[in-house]
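The values are calculated or read from the model by the stated rules, or taken from the named source; none is laboratory data. Keep in mind the model is a prediction, meaning the values are calculated, not measured. Cβ coordinates were reconstructed from backbone atoms using ideal geometry, including for glycine residues, and neighbour counts include every protein chain displayed. Each accessible area value is taken on the protein alone, full model and side chains, heavy atoms only, with ligands, DNA and RNA left out. Shrake-Rupley method; radii C 1.70, N 1.55, O 1.52, S 1.80 Å.
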Amino acid sequence: MNNKTIIILGAVGTLAFILFRKIRGYADMAQQISFVPKVYDKPKISLSKLTIPICIDITNPTPEKATVTVLQGSAIIAGREVAKVDVPEDGATVTIAPNTTSRLKGLSIAIPINNLLTTILDNLNDLMSKDFTKVISSTSLQFAVTVNGLATISGNMAFDKQTALGSLGLTASSKRNIRPLSDYASLIPPRTELRHDDAVRMNNATPESTVAFMHYVIRETTSDTARLAQSLKGGTLKATLQNIWNFVYQHIQYVPDSAVMEQVRRPLRTLYDQKGDCDCYATLIGSILTNLGIPFSLRIAKYNGRSYFQHVYVVVKDGGKELVVDPVVDKCFYEKKPSEKKDFPC
């Protein structure tokens with residue numbers, strides 16, 4: 001074997017090793033990315049099918065840019081494929097910057113009426129008894145996607161009994177006497193702006209990607225609290241935070257999410273529903289603070305030495321002090337001491 005052949009083989013080997021490392025790196029990245037399917041617009045029904053427009057909010061919690069292409073997908077109910085996801089022939093692609101969420105639009109599910117009727121009959125007992133938990137927990141969207149054109153993965157976006165932040169370790173002490181929002185009606189956008197903008201996080205999300213998604217919702221919906229925020233502004237930072245805490249505590253009932261899904265409601269949805277859990281509280285408060293130009297962090301916390309994060313709330317720096325704004329607890333600026341915590345600045 002002459003020197004030229006050795007050089008060529010060495011170069012080929014080096015390129016193959018670099019390519020292997022790159023593919024492996026993209027595969028690792030793919031495992032961290034989370035997918036949140038949502039109904040994007042009103043379903044349409046014809047004699048032959050029910051068409052449901054959907055989008056997917058894709059969160060990239062890694063420090064590198066990710067280009068995600070959805071190649072194909074299916075809607076699964078109780079283990080049965082009821083429809084294919086309508087994906088463009090060359091796939092649907094979106095590029096997500098590091099530590100952000102982007103929305104992939106232009107997808108739909110067309111369920112043939114025969115399949116829809118069969119599914120209803122199969123789940124008739126649960127539906128008649130209003131046991132929607134079984135139906136929801138058996139529903140999923142399955143996709144095949146590529147990340148940066150190399151790593152191919154299959155995603156199962158299922159409703160399950162585990163929430164994004166784990167079982168809540170901190171809940172409100174009791175049901176509250178919630179005040180009506182009539183005094184603030186002129187400061188809140190009309191209900192007609194809502195449509196299908198509720199966001200749902202499934203069990204495949206990490207705490208980090210859940211918080212990244214909350215950041216995204218806050219950024220995309222600042223108009224929800226633009227006028228309300230100005231009405232809550234006080235003479236000092238501490239007075240402003242107290243006003244915000246008072247408003248949320250008095251007007252938004254603490255209600256934990258369903259056991260089968262974790263919702264991150266946009267602020268306008270939380271306001272009109274007048275209910276939410278810790279991530280809904282934090283997203284609403286984050287939106288108000290963003291409109292007031294007040295920097296803050298979203299803090300996730302573990303309690304009692306547990307291995308998973310159980311709670312999320314807002315923390316604001318005031319000089320060298322931390323001011324906690326958490327309406328789940330019954331006192332402003334109070335923080336239940338966590339066994340572990342992690343902050344995500346906004």
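Some points to look at:
- Rounded to the nearest 10 Å², the accessible area of Phe143 at probe 1.4 Å: 10
- Listed peptides 66-72, 230-236, 280-286 by packing density, highest first (mean Cβ within 10 Å): 280-286, 66-72, 230-236
- Surface share of carbon and sulfur [accessible, 1.4 angstrom probe, percent] for the range 34-85: 58
- What the Cβ-Cβ distance of Asn304 and Arg103 gives, at R0 = 30 Å and to the nearest 0.05, is a FRET efficiency of 0.25.
- Accessible surface area normalised per residue over the range 269-346 is 41 Å², counting heavy atoms of protein chains with a 1.4 Å rolling probe.
- Sorted largest first by accessible area at a 1.4 angstrom probe radius, with every protein chain in place, the residues Arg299, Arg269 fall in the order Arg269, Arg299.
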